[in-house]
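Encoded as structure tokens, here's the structure I'll be asking about.
Values quoted throughout were computed directly from the atomic coordinates according to the rules given, and no laboratory measurement underlies them. Source: prediction; values computed, not measured. So basically every Cβ, Gly included, is an ideal-geometry build from the backbone, and we count neighbours across all protein chains shown.
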Number of protein chains: 2
Amino acid sequence: MERRASPRGPPALDGRDARHSTTRSFTLLLVNAEIIAVGSELLTPHRQDTNSLYLTEKLNELGIEVRFKCIVGDDAQGLTASAKLAMRRSDIIIFTGGLGPTEDDLTRESVAEALGLKLQRDPALIAQLEDRFAKRGIKISPNNFKQADVLTSAAILPNPVGTAPGQWIAGKYDGRDRILVLLPGPPHELKALFEAECVSRLRARIPVQHIATRTLKMAMMPESQVDARAAPIYKTYSDVETTILAGAGEIQLHMRCRKDSKAEAEARVEELTEKIEDELGDAIFSRKGESIEQIVSYLLQMRNMTLAVAESCTGGLLAERITSIGGSSRYFLGGAVVYSNALKTQFANVPKSMINQHGAVSREVAATMAEGIRKRCVSSYGVGITGVAGPSGGTDQKPVGLVYVALAGEEGTQVVERNFLGDRKRIRQFATEQALEMVRRALR
Amino acid sequence: MERRASPRGPPALDGRDARHSTTRSFTLLLVNAEIIAVGSELLTPHRQDTNSLYLTEKLNELGIEVRFKCIVGDDAQGLTASAKLAMRRSDIIIFTGGLGPTEDDLTRESVAEALGLKLQRDPALIAQLEDRFAKRGIKISPNNFKQADVLTSAAILPNPVGTAPGQWIAGKYDGRDRILVLLPGPPHELKALFEAECVSRLRARIPVQHIATRTLKMAMMPESQVDARAAPIYKTYSDVETTILAGAGEIQLHMRCRKDSKAEAEARVEELTEKIEDELGDAIFSRKGESIEQIVSYLLQMRNMTLAVAESCTGGLLAERITSIGGSSRYFLGGAVVYSNALKTQFANVPKSMINQHGAVSREVAATMAEGIRKRCVSSYGVGITGVAGPSGGTDQKPVGLVYVALAGEEGTQVVERNFLGDRKRIRQFATEQALEMVRRALR
């Protein structure tokens, strides 16, 4: 795929009249993208590029595949070389970051160097910058004017929420059609700019394609079991790309089909999805990408029911997951984090004698916590969780990972005993997933 | 930095007697690394390479800088091209992933192609694989033997926790010293293998260097304010690399100095750290990388004190953060998630009349929640949080982002009113950071 470039002069970027315009005379036939995230902080152990996840989602929706992602520091040589390589191997190249006013912001200069283009300071952008600073009553320092430097032939992409505009270049490079886009690094600026300026521009330049996708999610099923049952089905659909992803307690099946007509793509992916749904049945909690918290939210609201939780080893994580959904106050009343035994008694009505007899981590205590919190909060359902999240506190009888999850409702109380593998974080994640899955199953 | 390669035959990798050996006759003078993460799933919107964060931390500790990270799909051409480019521009190249038994696992083949090396099936590895499968009572399928393919001149790095071993190649490529390492993708396998096999091998090959690092963390200070005060100091230490990172409510200053002697590196970084500490004073909560949850944990245990929390808009996040620390049951009693007004009264003693008079989001209710939960849990300190996390529920008087955080202790109750910017997740993160910072300051 990497081709040795033939000797040549500056590339012929045919965007002479391209600025502030979105229409073009050509359509890309290939639609492979490369994302280059710029910034030395992204090469430390502390920070990670996340813009590319958002961009990938948006590009995939347009039918564009991301084939390479690169992370490059604030390093002119590295950036120039990366830009050159990307222009050789990818149809669409998106740079994120390095457009700010500081000396470290080198994306504009490096791309100009790689493509043999000049930078010109744009008077309209200078005026905008001056205006913006004047309005905030701040004297503009000269380094800010760097943000008004525009590549010859580039269209300026106005930044609705920041000072650095994006830039868009479309043209021939070494005989091939290429689109190169510069976007700012701060995620909210990047997203606003990409939505407003890039989606329609890209759509105008790529072949009309129809992509249909489905996502099936399952809780508390081992990945191997999902795959053993789903693979014989999806393997017969070679025109649908199927990916399995596994998290703590959650399996996702992503299906994606690209066809010349929308109806055809939808029909194929729907057919496969239905077959897998028939096979996996009610283990599937979501088919549109919703989280289990969202599904539980829908179901509780649909049934006009409420929920309360009493958590020991999960320490508030279950309540946190439930309330991560906006509007959760409509069905989530609250609950108690009963870390100490005294609070298990005080907030969740667990008799002291029961803790003495069975231990705080026991089937009996979990059930009583669920019933107690349901009664105290006057909710339709109550959840109780008690277990050993580790890393310490485990014994031979009650090892790290042992968790009891109970659900109490009008129809009685059920308790599930599980032995989860992993570290404290993973055990807590599993335990809350188990609780949400029990609520979901009770509400179906 | 990218150089056009001169025409040449297969590269002279001088590792003839290198297998199972860690000693080498040369030492790298340059120490720039490139990490290539392999796997098509890492080019979807759903998954991200995280191995590189771990590897970067370990490489930095050895004095090795990561200058490029690339993510490449299960694509032989793309992998081969990436390997060739990396061999030209980087001293140490680490591949992660693509070493499994499936057709999609192409790292070995692609690297062989890029370096002009052959793959040989290793009889000892075949025996190990057969043994491993036999012990589990599973018939070995032929595709598994791919994992026994070893690059000529490579040392085999035994995988203590999985089937695919790593591989290590050191030698000249196009006249330059290069180290290329293949590591498995699953994080626990990668970490175990890197620790056991790579750290000492790398240390033996790179110049003796001494790196001293410090990390200062501050809560609830704007990044601009930290930088305005710290920059005039750190800018005078050009031999110390200083990086500022900002999260929701938390600023980190990372300092790093590399010298020929350990004493010199430590002295320089310590001197700078002390000056910044003098400037920022008790705004700094940690200087060894500890999280604020950990610091609060130390302080509560040191003072033999306990904590309980009553949360409304943060919905359990504060309790979850506190209990993310193993052993937190020694000082955290628990608390209540009082999402509904009825529960504010029932679990945190907030009079109904007070909610009617001031509203659930008010200074008065926050203070009473803190006092109420402290009393109910018989804890040294009680925290109360109430606010509008959004996205809905805001009014002109009480907009989204308005949060009251209260801390009640023996010496009385304090309430802080804040207006946080951002989405629901960010507002909740800020609010809990504010609470932890108030606990920390009370305990100093």
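Can you compute 3J(HN,Hα) from phi for each residue in segment A:98-110, using the Karplus curve 6.51 cos²θ - 1.76 cosθ + 1.60 with θ = phi - 60°, rounded to whole Hz and x for Gly and Pro?
Here the 3J(HN,Hα) series is x, 10, x, x, 8, 4, 6, 7, 10, 4, 4, 4, 6 Hz.
Something else: If you fit an axis through the alpha-carbon atoms of helix B:262-280 and take the longest principal axis of the Cα set of chain B, what angle between them do you get, 0 to 90°, nearest 10?
Once rounded, one gets 20 degrees.
By count of other Cβ within 10 Å, fewest leading, how are B:Cys198, A:Cys377 ordered? Please report the intermediate quantities before stating the final value.
Numbers: B:Cys198 24, A:Cys377 29.
The order, fewest Cβ neighbours first, is B:Cys198, A:Cys377.
With no solvent and one point per C-alpha, what does the Debye sum give as log10 I(q)/I(0) for segment B:253-312 at q = 0.16, 0.17, 0.22 Å⁻¹?
-0.70, -0.75, -0.96
With all pairs of different alpha carbon atoms counted, what Kirkwood hydrodynamic radius in Å does the protein assembly as shown show?
In the protein assembly as shown this quantity evaluates to 30.0 Å.
Treating the angle as unsigned and between 0 and 90°, give the value, to the nearest 10°, between the Cα long axis of helix B:424-443 and the longest Cα principal axis of chain B.
The answer is roughly 70 degrees.
Please label the shape of segment B:318-444 as rounded, prolate or oblate, based on the square roots a ≥ b ≥ c of the eigenvalues of the alpha-carbon gyration tensor (a/c under 1.5 means rounded; beyond that, a/b larger than b/c means prolate, else oblate).
It is oblate, given that a/c is not under 1.5 and a/b is not larger than b/c.
For labels at A:Glu61 and A:Thr102 in the simple 7 Å Cα→Cβ model, what's the distance in nm?
Modelled inter-label distance: 3.2 nm.
Between B:Glu130 and B:Asn419, what is the label-point separation in nm under the 7 Å Cα-to-beta-carbon projection?
Distance between the two pseudo-spin positions: 7.5 nm.
Right, here's the next one. Which whole-number percent gives the relative contact order of chain B, counting Cα pairs below 8 Å spaced six or more residues apart?
11 percent
Using only the alpha carbons of segment B:37-76, determine the length spanned along each of the three principal axes and report them from longest to shortest in whole angstroms.
Ordered largest first, segment B:37-76 gives principal extents of 31, 22, 11 Å.
In whole angstrom, how far apart do the alpha carbon centroids of segment A:385-432 and segment B:403-434 sit?
Value for the Cα centre distance between the two parts: 31 Å.
Something else about it: List the pairs from B:Lys84/B:Lys217; A:Lys69/A:Lys217; A:Lys118/A:Lys191; A:Lys375/A:Lys398 whose alpha-carbon separation is above 30 Å, in the order I gave them.
B:Lys84/B:Lys217, as the Cα separations exceed 30 Å there.
I'd like the Kirkwood hydrodynamic radius of segment B:32-205, using the inverse of the mean 1/r over distinct C-alpha pairs, in Å. The partial results should precede the final answer.
Values: mean 1/r = 0.0616 Å⁻¹.
Mean inverse Cα-Cα distance, inverted, gives 16.2 Å.
Can you give me the angle between helix B:76-89 and the longest principal axis of chain B, using Cα atoms only, in degrees from 0 to 90, rounded to the nearest 10?
90 degrees
Sort B:325-336, A:55-66 by the packing proxy (mean of other Cβ within 10 Å over each peptide's residues), most packed first.
Packing order, densest peptide first, comes out as B:325-336, A:55-66.
Just subtract the alpha-carbon distance of B:Arg287 and B:Arg121 from 0.36 nm times their residue separation and send over the number in nm, one decimal.
Gain on extension, B:Arg287 to B:Arg121, equals 54.8 nm.
Would you list the P(r) distribution for segment B:210-286, with all Cα-Cα distances sorted into 5 Å bins from 0 and each bin expressed as a whole %?
Computed distribution, short to long bins: 3, 17, 30, 24, 14, 8, 3, 0.
What is the Cα coordinate range of chain B on the first, second and third principal axes, sorted by size from largest, in whole angstrom?
The Cα atoms of chain B stretch 85, 59, 42 Å along the principal axes, largest first.
Quick one: check the C-alpha center-to-center distance for segment B:273-296 versus segment A:57-73, whole angstrom.
Segment B:273-296 and segment A:57-73 have Cα centres separated by 39 Å.
How big is the gap, in Å, between the Cα center of segment B:212-241 and the Cα center of segment B:135-184?
Using only Cα atoms to place each centre, the spacing works out to 43 Å.
Among B:Pro160, B:Phe194, B:Ile206, flag the residue with its Cα farthest along the positive direction of the charge dipole of segment B:143-210, charges on Cβ as +1 for Lys/Arg and -1 for Asp/Glu.
Final value for the positive-end residue is B:Ile206.
Can you sort B:Val31, A:Val383 by how many other beta carbons sit within 10 Å, fewest first?
Fewest-to-most Cβ neighbours within 10 Å comes out as B:Val31, A:Val383.
Using 10 Å bins from zero, what percent of all Cα-Cα pairs in segment A:377-444 falls into each bin?
Over segment A:377-444, the share of Cα pairs per 10 Å bin runs 22, 47, 24, 7 percent.
What are the ³J(HN,Hα) values, in whole Hz, obtained from phi via the Karplus relation 6.51 cos²θ - 1.76 cosθ + 1.60 with θ = phi - 60°, for each residue of segment B:139-150 in sequence order, with x given for Gly and Pro?
Karplus values, whole Hz, x for Gly and Pro: 6, 7, 8, x, 4, 5, 5, 3, 6, 9, 7, 10.
Note down the relative contact order for segment B:32-205 as a percent, whole number, built from C-alpha pairs under 8 angstrom at least six residues apart.
Worked out over segment B:32-205, it gives 22 percent.
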